[in-house]
Every structure is written in C-alpha cells, then in structure tokens.
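Here the structure comes first, spelled out in structure tokens, and everything after it is commentary.
The values are calculated or read from the model by the stated rules, or taken from the named source; none is laboratory data. Quantities reported herein were computed from a predicted structural model and do not represent experimental measurements. Backbone-built Cβ (ideal geometry, glycine too); neighbour counts: all protein chains shown. Just so you know, the surface numbers come from the protein's heavy atoms only, side chains and all, with ligands and any DNA or RNA stripped out. Shrake-Rupley method; radii C 1.70, N 1.55, O 1.52, S 1.80 Å.
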Amino acid sequence: MSSISFLEQVDRMFEKAAAYTSHPEGLLKQIRICNSMYKMEFPLKRDDGSIEVIEAWRSEHSHHKLPTKGGIRFAENVNEDEVAALATLMTYKCAIVNVPFGGAKGGIKINRKNYSEAEIERITRRYTYELVSKNFIGPGIDVPAPDYGTGPKEMAWIVDTYRSLTGDPLTAAACVTGKPVTLGGVRGRTEATGLGTYYGIREACSFLDDMTKLGLKTGLADKRVVVQGLGNVGYHAAKFMQEGGATIVGLAEYEGAIHNDAGLDVETVMAHRKATGSILNFPGATNLLKSSDALELPCEILIPAALESVITSENAGRIQAKIVGEAANGPVTADADAILLSKGVMILPDVYLNAGGVTVSYFEWLKNLSHVRFGRMSKRFEQASNERIVRAMAGAVGINLQDAELARVTAGADEIDLVKSGLEETMAGAYAEIREVAKRLDTDLRTAAFINAIDKVAASYTELGIFP
Ligand code: NAD
C-alpha cells in the first residue's frame, strides 16, 4: 500500500498538471480544495432490535457549477479522505466530458453483505433524510448516483424519501440519477460506465501512430483483455469489449481470478458464478487463487474496475499490459503511475474513461427536468422523413423494397439509441481534446486530462467574476 492517502494522490496529479498552466496560485488552490464536507453519524435499529451507529459522508468538492454530482458508495473501508478524493475526481471528470456539474461524492461505511435488505433500506432513507435536513441534496443543489455497492434500488429509496420530505412533485425526480426506468430513470444508465469505458478504449486504439508506438495494431481484434471486478462497471466493460472484438483472457473477483489465453465468454462466466457462487473452476480456465495476480497476466489491455490503489509501486513493475484502462476510480497510485509511464504504458485515466456514468446521469437529469422521454417528439417524424427519402431513391433506381427492410433502414431513434449515441459522441469528443493537449505539451493522457479540467474550471470562476 502507498503511504500517501488517496486524496494526496489525486492532489499530486493535480499539481503535476497545474505546473503546465499559468493560472494564479489562489485560483489553483480554489479549484483543488474541497468546498464542503458533511460528516454524519446516525442510529440504525437492526432487525434484532439492537442499535448500531452508522458513519457516513457527503462531500461537495466544487460549487463552480451547480448542481454538484457524484455517486454514493457503500463500503466497509470508506473514509473521509476517500470521499473527498472521489468528489475531487468528479469535478475534473465533469469538466473533461463537458457535463455542467460540480463534483461530489457520498460514502456510507458498511459492508452491505452484513445487513438485511430492510436494514439497507433504513440506512439509505436515513442518509437521505440527513442530506435533506442539511441541504446537501436537490435537483439544483447536489444530485447523487450509484457507485460501488449501490444501484437502482437505493436510488429509488432516495427519490422516494426526498419527494416525501420536500413535497416537490415537479422536480423531485431529478434529485438523484441511476433510478429504475419506471421511477424516471433513463434507458442505458445501468450499462453507461462500462459502455463509456469501451467507447474510450476503442477510441484510443483507433490512432495508428499511438498504437504503432505501443507495438500494436489499431482496433480491438488483436487485443487480449484482463478485467478486475465484475460488478456494474467491470461486467459491462468486459461484455462490450468482447462484443467489440477483443478477447477476454482474465477475469478477477474478490474470491479469485481465472485465466484462459484462448478467451473467456463473459456471459458464460457470469452464469457459472451465479450457479456456483464463484468464478473459480470455470471449464477450460486456470484458477488464480490470489485474485490480484490477474493484474500481472500477459495481455494488451488491463481494466481495473473494482476499487482504488490496486496498482502500486509494489506491483507496477510486473504489469505486462500495454494499455491500462482505469474503469475504477483511482486504481493506479501516483507512484505506480510514474512507473507505468516510464515503461511506456498508455494509461487511460479514470477522470476520462469512467465518465460514461456521469454523462448518462446528466441525460437522466435533463429528462427528469423536462418530463419527456428522449425520442418521444422526434421518432415518428424522423421515420417518416427517412421513409420519404428512401422511397424516392429506391423509386429512382427501380428497387422494390420489402416492408421489413424499409422499416429497418428508416427507423427513428428511441431513447436508448439517443443515449448511446450521446455517450459515444461525448467519449470521442473528450478523447480528442485530451489527446490534442497530450501531443501539444508532450505529456501523458492523465496530465493532459487534468490540464483540460483545470482550464475549464478556471474559466468558470473567471466568468463568475471571482478571479481576473
Ligand atoms: P460494484 O459494487 O457494482 O462492483 C464492484 C465489484 O468489484 C464487486 O463485484 C466486488 O466483488 C468486486 N471487487 C471488490 N474488490 C475486489 C478485488 N480486490 N478484486 C476483484 N474484484 C473485487 O461497483 P461499481 O459500480 O462497478 O464500481 C466499481 C468502480 O467503478 C469503483 O471504483 C467506482 O467508484 C467506479 N465507478 C462506478 C461508476 C458507476 O456508474 N457505478 C461510475 C464511475 C466510476
């Protein structure tokens, strides 16, 4: 483990990037520091009648844009430093993908496996109550989302609690994102972070000069991939990488890892895990009892998608991947970052690569405020216009189109199509911006991403008239 904290790691990365800019010191400090941190302790009545005190946090790192935005993590080791570090990353992430929010993050210090469903619901609702009572949640204030250990169900409890406490029927749904679709969620949010990870890696692998420098071809077809963590982000990232043509050769979970250089089918592994309770002993694969050994397997792309600080100065030298795609937040420590870069590894930084979640959360928030499903106003119109064009062209060249074929080529976009294309555009556009800075300043992609973020947040403060 690194001796410096997660927040110090993030701040070191910030300082490295800030040195490339000419912003005044006071402005840089204002961008770096955490604006507010709410630490709370509240009682939980357990199912057996005993009382337990639960520790939790919500950090709003930057109010340069409102609302602030960031997930809520349920994890045993969560602490104030980690929540502040994750909130900080959220500020930079939103700026990098041009999502108009400040950064925030929440954490509840529990191992959810030790609590019943009813207890988790009581914890989530009480946490929401605390946020409401201190004005730390609201569609224009601070909008949470899922993160490690949470999902649509917790978001549903949050919106329900918020609505009943505030009595705000018009905008309440926009107080949290990652909700089930039936409660105002947007189609595509569940898989957004994994899909964004795939779009980002695919984009990075499309540049001939960058791939040649790594001794690789463009595209995903010649890429062996190892993924750590098969939760929301890791499972979807692995699934989309496989569908995109890469070969998944290693998968790691907390119970161990499996390896097969000929390829692992992600869905079959998931089904095996569901049936046996473990990914181990998957037919045709070798078991790695020490799960973290998977990080050192021979592969072209390594995707850590579990938790922070898993690649440290201790194991960085043994990483064989040419590309590290940071789907998790903070998986590479600052020391390990320097080691990997000196080995010529391309690191696709978390602040860019896992921004798919917040991007689609932004779409969900827009949907909630506008009270209309994406595509509802335009789908039929698009379809009718496409049909007129296709029929005219087919008539001009004497082709008689079948109805099914016509319907396929003229279909208008549904919500899921628009969300995916908005996400793809966002990831491609942000990568182009980062790559341009990296090339121009001859620096790595993380530093370039941080420079971009610093410049954009600095511009907001300047527009607000706070700094010259
Ligand atoms: P999750 O709870 O759905 O899944 C995490 C998985 O990692 C679990 O299956 C867990 O068993 C596994 N895991 C934990 N420790 C491990 C270890 N040492 N080795 C192997 N596997 C391990 O969480 P998630 O939402 O997928 O989040 C994963 C990471 O992605 C976190 O760093 C989170 O901050 C980040 N992230 C999540 C989102 C999102 O939309 N959910 C968005 C951006 C970033």
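For region 43-140, run through the trypsin sites (Lys or Arg not before Pro) and keep only the ones in DSSP coil with at most 15 other Cβ atoms within 10 Å of their Cβ. Could the numbers behind the result be given before it?
On the way: sites: K45, R46, R58, K65, K69, R73, K93, K105, K109, R112, K113, R122, R125, R126, K134; in loops: R46, K65, K109, K134.
Within region 43-140, the qualifying trypsin sites (Lys or Arg not before Pro) (loop, at most 15 other Cβ atoms within 10 Å) are R46, K134.
Given the Cα-Cα distance of A271 and E255 and 0.36 nm per residue of separation, how much length would full extension add, in nm? Mind showing how you got there, number by number?
On the way: separation 16, 0.36 × 16 = 5.76 nm, distance 1.58 nm.
4.2 nm is the gain from fully extending A271 to E255.
With charges set only on the Cβ (+1 for Lys and Arg, -1 for Asp and Glu), what does the dipole of region 34-184 come to about its Cα centre, in debye to the nearest 20? Show your work: numbers first, answer last.
Numbers: 19 positive and 19 negative charges, 74 e Å.
Charge dipole, region 34-184, about its Cα centre: 360 debye, nearest 20.
Per residue, how big is the convex hull of the chain when only Cα atoms are used? Give it in Å³. Present the calculation step by step, with values, prior to reporting the outcome.
Numbers: hull volume 85.2 nm³, N = 468.
Convex hull volume per residue, Cα atoms: 182 Å³.
If you roll a 1.4 Å probe over the chain with all protein chains in place, what percent of the accessible area is carbon or sulfur? Show your work: numbers first, answer last.
Details: 10440 of 19510 Å².
Using a 1.4 Å probe with all protein chains present, the chain comes out at 53 percent carbon and sulfur.
Taking Cα pairs under 8 Å and at least six residues apart, what relative contact order does region 312-468 come out at, in percent? Mind dumping the intermediate values first?
Numbers: 127 pairs, mean separation 35.0, N = 157.
Taking the mean separation of contacting Cα pairs over the length of region 312-468, I get 22 percent.
If we sort 181-188, 162-169 on the protection proxy, mean other Cβ atoms within 10 Å, highest first, what's the order?
Values: 181-188: 19.0, 162-169: 14.1.
Averaged packing, sorted descending, gives the order 181-188, 162-169.
What is the spin-label model distance, in nm, from L214 to S370 if the labels are put 7 Å beyond Cα along the C-beta direction?
Here the modelled spin labels are 3.5 nm apart.
Return the calculated 222 nm mean residue ellipticity for the chain, to the nearest 500 deg cm²/dmol, obtained by summing -39500 (n - 2.57) across DSSP H runs with n ≥ 4 and dividing by the residue count.
On the way: 16 runs with 213 residues, N = 468.
Helix-only estimate at 222 nm: -14500 deg cm²/dmol.
Is any residue of region 69-96 close enough, with backbone N under 14 Å, to a label point placed 7 angstrom from the Cα of I466 along the Cα-Cβ axis, and if so, which?
It comes to 91-92, nothing else.
In nm, to one decimal, how far is the modelled label at N315 from the one at S22, with both set 7 Å along Cα→Cβ?
If labels sit at N315 and S22, their model points lie 4.4 nm apart.
Per residue of region 394-406, what does 6.51 cos²θ - 1.76 cosθ + 1.60 with θ = phi - 60° give for ³J(HN,Hα)? Whole Hz please, x for Gly and Pro, Karplus curve as stated.
For region 394-406, the Karplus-derived couplings read 4, x, 5, 9, x, 9, 9, 7, 6, 4, 5, 5, 4 Hz, x marking Gly and Pro.
Along region 195-208, what does the Karplus equation 6.51 cos²θ - 1.76 cosθ + 1.60 (θ = phi - 60°) give for ³J(HN,Hα), rounded to whole Hz, x for Gly and Pro?
Values, residue by residue: 5, x, 4, 5, 4, x, 5, 4, 4, 4, 7, 9, 9, 4 Hz.
Name the trypsin sites (Lys or Arg not before Pro) in region 241-301 that are in a loop by DSSP and that have at most 15 other C-beta atoms within 10 Å, would you?
On the way: sites: R273, K274, K290; in loops: K290.
Of the trypsin sites (Lys or Arg not before Pro), the ones in loops of region 241-301 whose Cβ has at most 15 other Cβ atoms within 10 Å are K290.
Kirkwood Rh, region 155-240, all Cα pairs: how many Å? The partial results should precede the final answer.
Values: mean 1/r = 0.0641 Å⁻¹.
After inverting the pairwise mean of 1/r, the radius is 15.6 Å.
Based on the mean of other Cβ atoms within 10 Å per residue, sort peptides 294-300, 332-338, 29-35 so the most packed one is first.
332-338, 294-300, 29-35
Per residue, how much accessible area does the chain show when a 1.4 Å probe rolls over the protein heavy atoms, in square angstrom? Walk me through the numbers before you get to the answer.
Working: 19510 Å² over 468 residues.
Computed with neighbouring chains in place, this is 42 Å² per residue.
If r is the Cβ-Cβ distance from A459 to I51 and R0 is 41 Å, what FRET efficiency results, to the nearest 0.05?
Details: r = 49 Å, r/R0 = 1.20.
Computed FRET efficiency for A459 and I51: 0.25.
Quick one: length gained pulling A118 to S421 fully straight, 0.36 nm per residue minus the C-alpha distance?
Working: separation 303, 0.36 × 303 = 109.08 nm, distance 3.79 nm.
This chain segment gains 105.3 nm when fully extended.
With labels modelled as points extended 7 Å from the Cα through the Cβ direction, what inter-label distance (nm, one decimal) is found for F207 paired with A411?
Here the modelled spin labels are 3.4 nm apart.
Give me the net charge of G185's neighbourhood, meaning all other residues with Cβ under 9 Å from the Cβ of G185; Lys, Arg count +1, Asp, Glu -1.
Working: positive: K179, R187, R189, K367; negative: E364.
Neighbourhood net charge equals +3.
Straight-line reach from K93: which lysines fall under 19 Å, measuring Cα to Cα and dropping same-chain residues less than 8 apart?
K16, K29, K65, K69, K105, K420, K456
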